[in-house]
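What follows is a single structure, written as structure tokens, with notes after it.
The values are calculated or read from the model by the stated rules, or taken from the named source; none is laboratory data. Every value quoted in this text rests on a predicted model; they were computed, and no experiment measured them. A quick note on method: Cβ atoms are made from the backbone with ideal geometry, for glycine too, and the neighbour counts reach across all protein chains shown. Protein only, heavy atoms only, side chains kept; ligands, DNA and RNA dropped before computing areas. Shrake-Rupley method; radii C 1.70, N 1.55, O 1.52, S 1.80 Å.
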Amino acid sequence: MSNSIIKYLFFPEILKGLALTFRTLFKAPVTRRYPMVKPTVAAGYRGLHALAKDDEGRMKCVGCGLCGAYCPSQCIHIYTAEGDDNKKIVERYEIDLVRCIFCGFCVEACPFGAISLSEHYEYSSYKREAFYMTKERLLENWDKYFAGEKGRQYYNKFWRPLSEDFRAHEDQALFSRIKQRGKE
Ligand code: SF4
Ligand code: SF4
């Protein structure tokens, strides 16, 4: 009997499939009953955004706009104004999560460690507004998900460059030029 007739008569693929089902029938299930059983999220997971605060509780963001420029989805909107003392004020900082792809480029681009991605992943909603993160909501997220030591360690643990890489080195070209000018 040729191979094709055997296949036609006995459907070996179906038998193979049934055998596989039978072999795994009494094994422990690998699926989880979410949301009753929550998955373990790996440290450094790229979840909901937060705007970082310093130890005094002030927002670290200076409104330079680098995160927005790097964002491939163009979903970060920053509105700044000039304060009384001529300092730049970040009036609005907004992220449209519906467009965000959670790539983390905004975190990598920020020279001040001011934007972060928390490990929080449960923010589903039937309302579109829930996915439009305002400055106030992003700052609240920092208090919720990065309180204490967690916030302090976050950048150096999971992101490059490290915050210490931003320190100016003595022999940095720019600084040596300034030093030279001072001597002239
Ligand atoms: S994670 Fe990526 S897509 Fe989302 S806001 Fe940041 S840069 Fe844009
Ligand atoms: S989050 Fe960082 S990169 Fe973005 S505007 Fe603020 S300081 Fe600049």
Distance in nm between pseudo-label sites at K150 and M36 (7 Å out along the Cβ direction from Cα): 2.6
Cα-centred dipole magnitude for the chain, charges only on beta-carbon of K, R (+1) and D, E (-1), debye, nearest 20: 960
Per residue, in Å², the accessible surface of segment 1-89 once ligands and nucleic acids are set aside, probe 1.4 Å: 80
Per-residue SASA entry for S4, accessible area with 1.4 Å probe, Å² rounded to 10: 80
Mean residue ellipticity (222 nm) of the chain, computed from DSSP H runs ≥ 4 via -39,500 (n - 2.57), nearest 500: -9500 deg cm²/dmol
Cα-based helix-to-principal-axis angle, 12-24 vs the chain, degrees rounded to 10: 60
Greater than 28 Å apart at Cα, pairs in K38/K157; K135/K157; K60/K157; K60/K144; K88/K157: K88/K157
Using a Förster distance of 25 Å, the FRET efficiency for L25-S124 (Cβ separation, nearest 0.05): 0.15
Solvent accessible area, Å² - E129, 1.4 Å probe, full protein context: 120
Accessible carbon and sulfur surface of the chain relative to its total accessible area, %, 1.4 Å: 56
Estimated distance in nm for a label pair at Y70 and L18, the labels positioned 7 Å out from Cα along Cα-to-Cβ: 5.7
Isolated Cys in the chain, by beta carbon distance under 4.7 Å: C61, C64, C71, C75, C100, C103, C110
With Cα atoms, 0 to 90° folded angle of helix 173-183 axis to the chain main axis: 10
Rounded tilt (10° steps) of 149-158 against the dominant C-alpha axis of the chain: 70
